[in-house]
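Enquirer: There's a structure below that I have some questions on.
The values are calculated or read from the model by the stated rules, or taken from the named source; none is laboratory data. The model shown is predicted, which means the values in this text are computed figures rather than measured ones. Glycine also receives a Cβ, built like all others from the backbone with ideal geometry; neighbour counts cover every protein chain displayed.
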Amino acid sequence: MNAVLEKIQKLGIVPVVVLNHVEDAEPLAKALCEGGLPVAEVTFRTDAAEESIRVMKQKFPQMLVGAGTVLTTEQVDRAVGAGAEFIVSPGLNPTVVEYCIKKDIPVAPGCSCPSDMERALELGLEVVKFFPAEAAGGLKAIKAMAAPYVNLKFMPTGGINAKNINEYLAFPKIIACGGSWMVSGDLVKNKEFDKIRELTKEAVMTVHGFELKHVGINCESEEEANKTTDMFDSVFGFTKKPGNSSIFAGTYIEAMKTPYLGAKGHIAIGTNNIQRSISYLEALGIAVDMDTASYKEGVLRAVYLKEEVSGFALHLLQK
């Protein structure tokens, strides 16, 4: 997959932004970056779009900025000249798509029927925008149409919100979703950039779905692990479940038969998508120790962070 599309996949959400005033571009970009989502699709249907893209890239070079609602090759040139790194269009215009491919510009045209998807494949595209997502049948429609087109991936936009985004992202053929609930027109118009930052952070946390799965206790021996889990079983009713290297008491307590990572033990944090969460943590400067990675049937299931917290190692666990 194209490197830009891979970045989008790691983020999971692409805020779809409408800017009527250039002066809103910098504070909006700042709010998105501080909220943990350094990406935006700036719709090219306002006079401020081109210059807004330029401002975002100049002020926040680490941000991934694209242009949406692109209808002509002239708009492609203007958007890319301003700093846009990807192009999104509401429909599949072969002239625009072929122009982008010729210039090696990532493009995701809107498709909502098999004919569009076959044309996209014929043009050599890997990813298409499914638009308007909810109005065109939503996730059920994507799953139905994805079946015969095994090499095509989707970026649905239109009607996506905090309540349904994880349903979409759970389908492996979907690399990311476009959404505007955290950057609504009213919020931008009223310059509520603090609120945008807050909603962006909430959106990021919704996508990752972080939750405590269990706490691991480092015991010196299997005998100590048995005593530890016996107590939780007899006193609190946390049913004891022996395993190869540890013994669980219920689902939240794991007693290690011999000490493992972490001076005191470990804390397991569940996530909706472990690969996406690794990218999120690394963007925050938090290192992941891939030497500790655990796989099942070739799929990453767990990995530890390099840094401990109060004597506890932390590891991500795929839900």
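Enquirer: Go through segment 120-162 and count every residue that is of a type in the set (Asp, Glu), under 21 Å from ILE101 (Cα atoms), out of contact with any strand residue (DSSP E or B) (no Cβ under 9 Å at 6 or more places or on another chain) and in contact (Cβ under 8 Å) with a residue 24 or more places away in the chain. Can you show your working first?
Expert: Here is the first cut: in segment 120-162, the residues of a type in the set (Asp, Glu) are 122, 126, 134.
Narrowing further to those that are under 21 Å from ILE101 (Cα atoms): 122, 126.
Narrowing the set further to residues that are out of contact with any strand residue (DSSP E or B) (no Cβ under 9 Å at 6 or more places or on another chain) leaves 122.
Subset that is in contact (Cβ under 8 Å) with a residue 24 or more places away in the chain: none.
So the answer is 0.
Enquirer: Run down GLY35, GLY12 and say which single residue is on the phi > 0 side of the Ramachandran plot, in contact with a helix residue (DSSP H, G or I) (Cβ under 8 Å, 6 or more places away or on another chain) and surrounded by 16 or more Cβ atoms within 10 Å (Cβ to Cβ). Quick ask: steps written out before the conclusion?
Expert: Values: GLY35 fails: on the phi > 0 side of the Ramachandran plot.
The unique qualifying residue is GLY12.
Enquirer: Please give the strands (runs of 3 or more DSSP E) falling wholly within segment 207-319 in which 2 or more residues are of a type in the set (D, E, K, R) and either out of contact with any Phe, Trp or Tyr (no Cβ under 6 Å at 6 or more places or on another chain) or closer than 21 Å to LYS10 by Cβ (or both). Write out each step before concluding.
Expert: Details: elements: 211-218, 240-242, 246-249, 253-256, 265-271, 288-296, 299-305, 312-318.
It comes to 211-218, 288-296.
Enquirer: In contact (Cβ under 8 Å) with a residue 24 or more places away in the chain and more than 13 Å from GLN318 (Cα to Cα): is that true of LEU281 in this structure? Walk me through how you get there before you give the answer.
Expert: Numbers: in contact (Cβ under 8 Å) with a residue 24 or more places away in the chain: yes; more than 13 Å from GLN318 (Cα to Cα): yes.
Yes; evaluated as a whole, the condition is true for this residue.
Enquirer: Using beta carbons and a limit of 6 Å, which pairs, at least six apart or on different chains, have the first residue in segment 305-319 and within 9 Å of GLY262 (Cα to Cα) and the second one small (Gly, Ala, Ser)?
Expert: The qualifying pairs are GLU308/GLY262; GLY311/ALA263; PHE312/GLY262; PHE312/GLY265; ALA313/GLY262.
Enquirer: Here's another thing I want to ask about it. Determine which member of the set ILE286, ILE278, ILE274 is under 27 Å from VAL204 (Cβ atoms), surrounded by fewer than 16 Cβ atoms within 10 Å (Cβ to Cβ) and of a type in the set (A, V, I, L, M).
Expert: ILE286
Enquirer: I'd like the full set of residues that are crowded, with 17+ Cβ neighbours inside 10 Å and aliphatic (A, V, I, L, M), limited to segment 81-120.
Expert: ALA82, ALA84, ILE87, VAL88, LEU92, VAL96, VAL97, ILE105, VAL107, ALA108, MET117, ALA120
Enquirer: Assigned to a helix (DSSP H, G or I) and in the same structural domain as GLY12 (by TED's automatic domain parsing): is that true of LYS195 in this structure?
Expert: The answer is yes for LYS195.
Enquirer: Give me the residue from segment 15-29 that is surrounded by fewer than 18 Cβ atoms within 10 Å (Cβ to Cβ) and in contact with a helix residue (DSSP H, G or I) (Cβ under 7 Å, 6 or more places away or on another chain) and, out of that set, farthest from ARG197 (Cα to Cα).
Expert: VAL22
Enquirer: Need at least 1 residues that are among the aliphatic types (A, V, I, L, M) and out of contact with any Asp or Glu (no Cβ under 9 Å at 6 or more places or on another chain) per element, so show me which strands (runs of 3 or more DSSP E) inside segment 61-114 make the cut, counting only ones lying wholly within it.
Expert: In segment 61-114, 87-89, 107-111 are the strands (runs of 3 or more DSSP E) which contain 1 or more residues that are among the aliphatic types (A, V, I, L, M) and out of contact with any Asp or Glu (no Cβ under 9 Å at 6 or more places or on another chain).
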